[in-house]
Each structure stands twice: as C-alpha cells, then as structure tokens.
1. Over what distance in Å are the Cα centres of the range 228-256 and the range 145-189 separated?
2. Considering only DSSP states other than H, G, I, E and B, which GluC sites (Glu not before Pro) in the range 241-314 qualify as loop sites with at most 16 other Cβ atoms within 10 Å?
3. Could you check the spin-label model distance between residue 317 and residue 505? Points 7 Å from the Cα along Cα→Cβ, value in nm.
4. Rounded to the nearest 0.05, what FRET efficiency do residue 154 and residue 439 have when you use their Cβ-Cβ distance and R0 = 41 Å?
5. Looking at the range 111-269, I'd like the Rg to Rh ratio, where Rg is from alpha-carbon atoms and Rh is Kirkwood's inverse mean 1/r.
6. What is the sum of charges, Lys and Arg at +1 and Asp and Glu at -1, for the other residues whose Cβ falls under 15 Å from the Cβ of residue 257?
7. Using a 7 Å offset from the Cα along the Cα-to-Cβ direction at both residue 166 and residue 469, what is the distance between the two label points in nm, to one decimal?
8. Could you state how much accessible area residue 22 has, in square angstrom rounded to the nearest 10, with a 1.4 Å probe and all protein chains kept in place?
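The values are calculated or read from the model by the stated rules, or taken from the named source; none is laboratory data. What you see is a predicted model, and the numbers here were worked out from it, not measured in a lab. Here the Cβ positions follow ideal geometry from the backbone for every residue, glycine too, while neighbour counts run over all protein chains shown. Quick note on the areas: whole protein, heavy atoms, side chains included, nothing else; ligands and nucleic acids left out. Shrake-Rupley method; radii C 1.70, N 1.55, O 1.52, S 1.80 Å.
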Amino acid sequence: MSRVSQFAKTDAAYIDENIDLKPFYKYSPTIEGLLIALSDRRSVELNRVVLRTEITRQYDGISTSALVSDNIALLDRNNTFTITTAHQPILAGGPLYVLYKILNVINLCRQLKASSPNDNFVPVYVIGGEDHDFEEINHFDSGTKKAIWAIDSHGPVGRLATDSLQEVLKEIEEIVGSNEISRDLLQHLATAYRPGRTYNEATLEWINFLFGRFGLVVVQMDNLAFKRQFEASMKRELLEQISSTIVADSQSKLLSLGYKSQAYVRDINLFLMDDHSRNRISLQDGSYEIVGTEQTYSEAEIRAMLEQEPNRFSPNVVMRPLLQETILPNLAYVGGGGEIAYWLERKTQFEAFGIPFPVLIRRNSAVYIGSTTEKKLQKTGFENEDLLNGFDALVKRYLHSHATNPDGLLEEKQKLASIFEAIANKAGSVDSTLQKSALAELAKSIQGIEHLEQKITRALKQKHEVALKQLEQIFAKTFPNDSLQERTDYFLTLLSQLGTNVLDDLLEIMDPLKKEFLFYTEV
C-alpha cells in the first residue's frame, strides 16, 4: 500500500514499518502489539463511573441500538477497553475517509475480542467539536457541487446552533438527488440536524444512526467532567510549558531523518474558550495573554480560573490527543497518514505527562469504483490495482502495449552510438580534439532521434485517443485531481447510491492490520 504516489513520506514509512521511525512509537501496529498494550493498560487507573455517566448523558434523548447501550454500560468494567478514532463534526459526516476510519475501528474491536475473549472492546468515535476552524467543517462536497454553511463563527464549532443549517440541508438534498435510498437518509439527516440543537449533538445523532447497529459509541470531549480529569495536565502545560521543548525535540529528530513536522508547537498549547471565541494562551513577561484580545492574567488568576472553570480551557492539536487518552481506557488510535504523522511527534510528550501512549493503527485507504467503470478499465487491459501507479504510468503502459515497436528507437540509438564511437576512435587517433567533436555530433543526432520519438508518441496518442480519453475519465473518478478519492468525496453521496447495507459489505473487507489499498464496487 505504501507505493501509492499520493501518500506522504512519513505515511509510507510507517506503513512499511521503517526502522528509523520505531523510536517514535511504543507498540507495533499488529495484533501482537495490541495485546502487549492491553497487558500494559490493565494497571492504569481510570474514573470509569464518570466516563459511563457522561456518555450516557450525551446520549440522552437519542434512540440507539441495544449494542451501543451495552457497550456504554461495559465501560464501567476494568476489563473493557476502547479502540478510538476522531474527527471534527463535518456536515453530513464528512469525506469517505471518516467512514473508513470508523469501520476500521469496529473491525479491530472484533479482531481483539477473538484474540482476548475474556475482555471487552468498544469502538469509539470522538467528536473534535472544540476546533474553531469553521471553514474546515462548514460544507458538504459531492465532488462536483458544494453546499456551504455561510455564517460568522469564531468559537468552538461543536457548540454552534443548527437553526441556521436548515437552508443548507435543502441544498444538500438538491445535490444528492431524490431516490428511495436518499430520501430515507436525508430524512434522518434532517432529524439529526433539526433546529434547537448544537452541532455536536447533531453529529452524535447522525453518526449513531449510521453506525449504532455496529456498537459504535460516540463521545464529545467538550465536557466539564472530562476537563476536570484533564485539569492536572492542563495546569502543568500552563505553568511549566512542558510540550514546547519536548515536541520540538521530536520534530527536530524526525526532520533530521527527512520527515516533515506536522503541527506547530506553541509555548502553551491551550486556548481560552467560550461559546463564541477560542483564543490562544501565550506567556509574555510572566503574564498570561489571550492572543487577539486585551485579556491578561497573572499566574494566580489563570490557575484559579482553571480550577473553577476547566471547561473554558481547550487543548490545541498538540494537547488534544492527551485529553482523549486521559479519559478513555484506550488501546489504539486509528487514523490516516497525516494523523499518524503528528502522533509520532507525541510519544515523549505522553511520557512526560504520565499518560499511556496508544498503538497507532494506519487505517485502510480505499477507492469506490462502480461496476461500469471497472468493466471499462478492464476493456483497456488494466486491473484496478494498475490505477495506483498514476495516470502517466497508465498511459505509458497502454501505448507501450499497443505500439508496433514498443521499445521505440532504442535499437537505432544504440547502433548510432556504436557507429559514432568507432568514428570518434578513428578521428581521435589522428587528432585527440576530434574525438570530442565526434561525440558532440552523436549528442546532436540522439537529440534529433528523441525529438522524432516524441512525434511518434503524439501520433500514437492520436491513434488511440478514444481509449486514452476513457482512461482519463476512469482515473478522474477514482483519483479526482490526482488526489485520493477518500479525501474529496463525501460518504453521504456513496450511501445515497448504494444504501447503508454497503457499510456491512465494507466492514467485511476493511482490516487495518492488513496493509492493503482496497477497491470495492456495488455488491
């Protein structure tokens, strides 16, 4: 899977388990590594009553499956552990990769239950609702059309009211189109995002509707009780600025190995937050400044605020993973390449805070390729996996297979080089400077032949214009704009075409412990 050209260097290296990355994670991303993490996690104390109580409260008023209810109740037990993924709340659930992450988490729990039947494993989806980058989460994208939630927002997106979303939902309905499958889905979407709710609540209900039958538990970390448990770590970050030096050191070491930094580490990696704002905290000359405002606090004042209102403090991308792992009895985090890359910068940070570091599992990447498109691809002589080599490689291979002389003028260039070499030797025996002149003439001749080869290639492309156009269309569907389909296409569009039963089919083929790039079509 690591050979996919769209994967970043760090991503490919982690998939291949390159030895130079091993110091940056604790456990091997294998079933053996997970079982070692399970053994280590047994001795970690956790306030399970608060966890179960708060999650139960978050589900208040939401109809869910017996399996979800059972999984929430199981969190009380010391032999229950979680497998987790996370994302910001995005309209209608987000891109395909969000769906893949969730299914990978569910699959992994099933595998662990088979390997350790006396323990319980709960799949968890964490809503990152404290983020304030509204433009990341305010749209629905079908690949060709967008519906955009155009309001003014500067605070945590999860606390936004859904009232102003109603017109956007109508736009989504127009984009998705009306058929028997989509009508049912859109009705549930409208119910989840009904007026009078927060974006977090709507997201929880929508994700629960889709994945509750698999036992997925959705958790909101924007929670007072959870922040109280994280208070000690936030206090150390405020007073000691622990993360800055540690994470920067990890980033420096990774950079020396050729891996780019993922997150910008601050002196203090916390925000001060209310319903309408989320501003960075910075230490300046002994005072705590709230960047972008005129608010300034002494050490005593900010400590008092943290003790009284810990929910006003919000971790940034550098601290967020620590909150999650403080609250949950978590064994593994399942994420994409970018997520894994920034977790690799965190191991020593976790050690400094005394928080268990999870197994990092790289989720499956996948491409939906319709049966009609698949047949067209096969007619050109290619299989699905050939798409992974990129469009240019497809064209080159197609032309090579249909050329009268697939090697071009290689043989002729070799003969010409041999002739000029003999001429150069004879000329050089008379005058050494003439040898260079002969070789220069060779270079000119080779250049002329290569120019002719380009003309031959262009003529061959014209001859096979229809087939190459078809290849181009196939590649555009599966790798739009030469990007991964999972990053651009939203999963509501897929479900509207194939129905929610496709989730069962995908769950059968998705296994994050098998490092395969998956192709699937309608069943």
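1. The range 228-256 and the range 145-189 have Cα centres spaced 38 Å from each other.
2. When the GluC sites (Glu not before Pro) of the range 241-314 are filtered for loop state and at most 16 Cβ neighbours within 10 Å, 294 remain.
3. Taking the two extended label points, one gets 3.5 nm.
4. For R0 = 41 Å, the calculated efficiency reads 0.05.
5. On the Cα set of the range 111-269, Rg over Rh gives 1.05.
6. That works out to -1.
7. It is 4.7 nm.
8. Number for this one is 90 Å².
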